[in-house]
Each structure stands twice: as structure tokens, then as C-alpha cells.
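Okay, so here's the structure we're looking at.
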Amino acid sequence: MELLSPRPGIGQIKPYRPARPPEDGAAWVDLSLTVNPLGPGKKALTAYRHMAAQIHRYPDWSQDRLRHAIARRYDLDAGHITCANGSDEMIHLVTQAFAGPGDEVLCHEHGYRGFMKAIRAAGATPVIAAERDLVVDVEAMIDRANEKTKLCFLANPNNPTGTYIPSEQVLRLRAGLPSHTLLVLDSAYADYCRRDNYSDGTAIVENSDNVLMVRTFSKLHGLAGLRVGWAYGPAGVIEAVNQTRGPFNVGIAAQAAAEAAVGDTEHEEATFAHNSAWLPWLSHELEQLGVRVYPSVCNFILARIPTDPSLGVQAVLDHLARRGILVKPTQDYGLADCLRITVGREDENRALVAALGEILS
């Protein structure tokens, strides 16, 4: 009897393997995932708890209240918004809707690895463009596009490098891609990048018929555990995503919490202020230990471990684990000698620096 096997491409997907906490049950500090160290805001928590008695009901399939709350917050057309079970699901949905076997999907070298999983799951072929000094090289991406390129993913800012490209470069990318290619802007960390030359992509979406912007409530809003993402794009693209998604893909409590969170600018500003204070502090302290820290506009840093024969990424990871601290190795991103470290609370940041000082000094 012939054994069942998945179709080509599925076997090439690497399962996600999060950092593992210590097994002795001791308290541990998790700086491996890019969550909000302040947690969710009070408004989101209140809305979530208020829905506790309603979780026997199915959520609103049209996501009306949430979509209109997002539209009010960012001055958008609610009819051009759809929501998903996290931005990861949105990436999968748009890939399934527009790419399949025989199609190519363009990505950048050290880009978010969720793109690769979605591409392989859809049966399409990923095409990788080289970056330049851990920054997206727009011309390299344009050079790799062709008549088979159905999608182009751009994480801006990018995870795990923390780098971004200015708006004019995004416009150059759109202009250089084939007209039949959908440019997907993953703007998950847009809330942290307040630079004059940066845009989350709203304007380019409104002036194009083949650009989709994807956002999330997992980072600044602190709702990673509820899984809520959203997209803004042309009517035809949004319709295709809605035809692909399940009717109840965002839970009833998740919709309520996200609706409250998107209007909680006080919590947003508190989170941004915390990151603005501790991101440079953490970068400076690690540099003092001889670690190369790449400039980041996100809520994490990419740190390159010194090339010492007696050290290495695994030795550092093991030492931190013994101190009850988790960070993210980045070998799956082609950065084997680096670690991604999330900005945590003050006590967590100081504990990390102290633990690294023990092994690096």
C-alpha cells in the first residue's frame, strides 16, 4: 500500500521552533519573542473580559466593528480592510489567493521567514533577492522579478534585522515590478518607526491597484496571544482575501479587544516611550561588551556575537538559559552568528546585560 505524502513543497517547510524555557520550573525572562513588555492596555483588557460571557457565540464574520474602528483610527476606508488570525494568517491568505504551482513569489534575503512558509504551503516557488548590509536592496529585487512573479513580499521594517527602507525606495520597488505582481507590504513594526522618510504604505496602497499593506495588533498593542492582524488594499485584493479566509477567523473576544486597543493612544504612547528609552540603552550596553549591534527601528535588536574561538552563539544561548533568559537565534535567517533580542522591562534588560557580561567579559 502506497503511503500518503504531502504535495511537493510541504516537506521543505521548516516547523517553527520557539526558544525553550528552563525545565526546572524556575522563573525565566523571555526576550526571544517580539511582544510588548508592558502587556495589553487597560481598555483592551476590559473589552476582552466583557466578552467572556459571549464566547459561546460565533464572532461577527464581517468584522464590522473592528474594521470601522481601524478605519477611524487611521483615516481609511473600512471597505478596503479585512482582518485575520494574526498577520501570519493574512500572509498565508493572500499567498493562497494569488499564487500557486508554477508561480514565483519574490522575497528578500533576511526577510521574515513567515513568507517562506506561506509560499511553500501554496505550492509556489520562492525567489530570494540579496540584501545589502542587512538592508533590502530594491534594485536586486527588481532584477529578480519576471513574468512568473505573482507576489513580492517586503517586510518594512524587517524582522529580524530591524532595518527599513524609506518611502521613496518602496515607490521605486513598485514602479520596477511587473504590473501583474502584487506588492505585499508587511508593516508589522510600523508603529515603532517614526522617521520622516518612512511610511507604513497607506499612501502607496491608495495610489495603486496592486499593493496590499498588512498590519498587526501583536506588537505595539500587546495582543500577540489573541492573534489579530489586518490588511488594507484595493477592493479586488480584499475581496479575494475574504473569499479565501474562513468566516469566523478572528474570535469574538479578540475582535473586541482589538477594537478597544486601536483607540487606546495612551497605551500606544507609553509603549513607544518605553521602547525609545530602552532600545538605545540596551544597544549601548551590549556594544560596551564587544557585541556588534545593528541599528534598529523596531522593539528588538540584532546582535552579532564576537568571533572568539572559545565562544559562539550556542555557548551564549546555553549560558543565558542557565540564567533563565531566552533570546532568539537567527540561523534560519542566514545569520548564524547573531541573536535577536527583544527590548524587555527594565529588570529584564538589566538581567540580560549582566548575564552577557559574565560570559563575554
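Among the residues of this structure, Asp347 does not count as one that is of a type outside the set (A, V, I, L, M) and at pLDDT below 95. Of all the numbered requirements in (1) touching a Lys or Arg at 6+ places or on another chain (Cβ under 9 Å); (2) closer than 17 Å to Cys193 by Cα; (3) not acidic (Asp, Glu), Asn275 misses one, and that requirement is (1).
Residues are listed down the side, and each one gets a yes or a no for (1) open to solvent by 10 Å² or more (accessible area, probe 1.4 Å); (2) touching a Gly at 6+ places or on another chain (Cβ under 9 Å); (3) at negative phi:
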| site | (1), (2), (3) |
| --- | --- |
| Gly290 | yes, no, no |
| Val297 | yes, yes, yes |
| Phe300 | no, yes, yes |
| Thr307 | yes, no, yes |
| Leu311 | yes, no, yes |
| Thr330 | no, no, yes |
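Applying the criterion of being outside any helix (DSSP H, G or I) and hydroxyl-bearing (Ser, Thr, Tyr) to the residues of the stretch 200-234, the residue that is nearest to Val170 (Cα to Cα) is Ser208.
Every residue, every condition in (1) modelled with pLDDT of 95 or more; (2) within 13 Å of the chain's Cα centre (by Cα); (3) among the hydrophobic types (A, V, I, L, M, F, W, C), yes or no:
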residue: Thr149; (1), (2), (3): yes, no, no
residue: Phe153; (1), (2), (3): yes, yes, yes
residue: Asn156; (1), (2), (3): yes, yes, no
residue: Pro160; (1), (2), (3): yes, yes, no
residue: Ile165; (1), (2), (3): yes, no, yes
residue: Glu168; (1), (2), (3): yes, no, no
residue: Arg174; (1), (2), (3): yes, no, no
residue: Ser187; (1), (2), (3): yes, yes, no
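Of all the residues in the stretch 14-50, those that are among the aliphatic types (A, V, I, L, M), over 19 Å from Thr342 (Cβ atoms) and either open to solvent by 70 Å² or more (accessible area, probe 1.4 Å) or at pLDDT 95 or above (or both) number 3.
What residue, among those in the stretch 46-73 that are part of a helix (DSSP H, G or I) and of a type in the set (S, T, N, Q), is farthest from the chain's Cα centre (by Cα)? Among them, the one singled out is Gln54.
Filtered by the rule that a residue be surrounded by fewer than 16 Cβ atoms within 10 Å (Cβ to Cβ), among the acidic types (Asp, Glu) and out of contact with any Lys or Arg (no Cβ under 8 Å at 6 or more places or on another chain), the stretch 332-349 gives Glu346, Asp347.
For first residues located in the stretch 236-262 and part of a loop (DSSP other than H, G, I, E, B), partners that are modelled with pLDDT of 95 or more and of a type in the set (Val, Ile, Thr) and lie 6+ apart or on another chain with Cβ distances below 7 Å form the pairs Val250/Val228; Val262/Ile70.
For the stretch 56-75, the criterion of being in contact with a helix residue (DSSP H, G or I) (Cβ under 7 Å, 6 or more places away or on another chain) and polar (S, T, N, Q) is met by at least one residue.
Just to check your reading of the model, which residue among Ser167, Ser218 is under 28 Å from Thr342 (Cα atoms), crowded, with 19+ Cβ neighbours inside 10 Å and of a type in the set (S, T, N, Q)? Step through it out loud before you land on a result.
On the way: Ser167 fails: crowded, with 19+ Cβ neighbours inside 10 Å.
After ruling out the rest, the residue left standing is Ser218.
The values are calculated or read from the model by the stated rules, or taken from the named source; none is laboratory data. Just so it is clear, the structure is predicted and the values come from calculations on it, not from any experiment. Note that each Cβ is placed from the backbone with ideal geometry, even for glycine, and that neighbours are counted across all protein chains shown. Just the protein is used for accessible areas: all its heavy atoms, side chains included, with ligands, DNA and RNA removed. Shrake-Rupley method; radii C 1.70, N 1.55, O 1.52, S 1.80 Å.
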